[in-house]
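Worksheet: one structure, shown below.
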Amino acid sequence: MDELKAVVKGVLFGRPDGFRASLRRRWAASQSDAAGEVKARPVPVPAPAAPDGFHRALSASSLAPGEVVEVMIGEQHLALCNVGGVFHASSNVCPHAGGPIGEGTLVDHALTCPYHGWAFDVRDGSCAVNAEVKLPIYPVKLVDGVVYVKLV
């Protein structure tokens, strides 16, 4: 029975030297000063209001130029790209084979699917391999360092 309690405690709270324990220690340290008095909690600064019809995707500083990342807004999976400081959003599903295009590579404006290597222009969704296939593209706005995407 004691073994079962230890396993349950380990699952719920993690190891004493594990990641969750370090988070608990840091949180406890942030709640009191050296004298042991509880500090006042900082008031969170609200994010700027989203433009009409747009949804917050991520902080612009979290995506460096030349990088692509997968994001989820509601039920929609998107690939978000930073091309030289200009952000582009597309569906994260490759229209050719359904691959996770956000796991692909970004070279200039070309986003390449990791499954079969089909490349798409993130500006308009055009395909370099087959002109009849297009990657769905979504409007993007950058407001006060936050990237917003409009799901249409």
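Before we move on, is GLY145 in contact with a helix residue (DSSP H, G or I) (Cβ under 6 Å, 6 or more places away or on another chain), assigned by TED's automatic domain parsing to the domain that holds ALA60 and either basic (Lys, Arg) or loosely packed, with under 13 Cβ neighbours inside 10 Å (or both)? Give the derivation first.
Details: in contact with a helix residue (DSSP H, G or I) (Cβ under 6 Å, 6 or more places away or on another chain): yes; assigned by TED's automatic domain parsing to the domain that holds ALA60: yes; either basic (Lys, Arg) or loosely packed, with under 13 Cβ neighbours inside 10 Å (or both): yes.
Against the criterion (in contact with a helix residue (DSSP H, G or I) (Cβ under 6 Å, 6 or more places away or on another chain), assigned by TED's automatic domain parsing to the domain that holds ALA60 and either basic (Lys, Arg) or loosely packed, with under 13 Cβ neighbours inside 10 Å (or both)), GLY145 qualifies.
Restricting the search to the stretch 72-117, which residues are among the polar types (S, T, N, Q) and not in a strand (DSSP E or B)? Walk me through it before giving the result.
In the first step, residues of the stretch 72-117 are kept if they are among the polar types (S, T, N, Q); the result is 76, 82, 90-92, 105, 112.
Of everything in the stretch 72-117, just one residue is among the polar types (S, T, N, Q) and not in a strand (DSSP E or B), namely ASN92.
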Exercise for the section: Please work out which residue is nearest to ALA119 (Cα to Cα), limiting yourself to the stretch 134-152 and to residues that are out of contact with any Gly (no Cβ under 8 Å at 6 or more places or on another chain) and not aliphatic (A, V, I, L, M). Expected result: TYR138
Handout entry: Leading residue by the ranking (nearest to GLU67 (Cα to Cα)) among those in the stretch 86-137 that are hydroxyl-bearing (Ser, Thr, Tyr) and surrounded by fewer than 22 Cβ atoms within 10 Å (Cβ to Cβ)
Key = THR105
Practice task
Report the residue count in the stretch 119-140 for those that are more than 23 Å from the chain's Cα centre (by Cα) and under 19 Å from THR105 (Cβ atoms).
Solution key: 6
Problem - Residue ID - farthest from LEU78 (Cα to Cα), chosen from residues in the stretch 120-132 that are of a type in the set (A, V, I, L, M, F, W, C) and modelled with pLDDT of 95 or more - result: PHE120
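The values are calculated or read from the model by the stated rules, or taken from the named source; none is laboratory data. Because the structure is predicted, anything quoted here is derived from the model rather than measured. Note: ideal-geometry Cβ built from the backbone for every residue, glycine included; neighbour counts use all protein chains shown.
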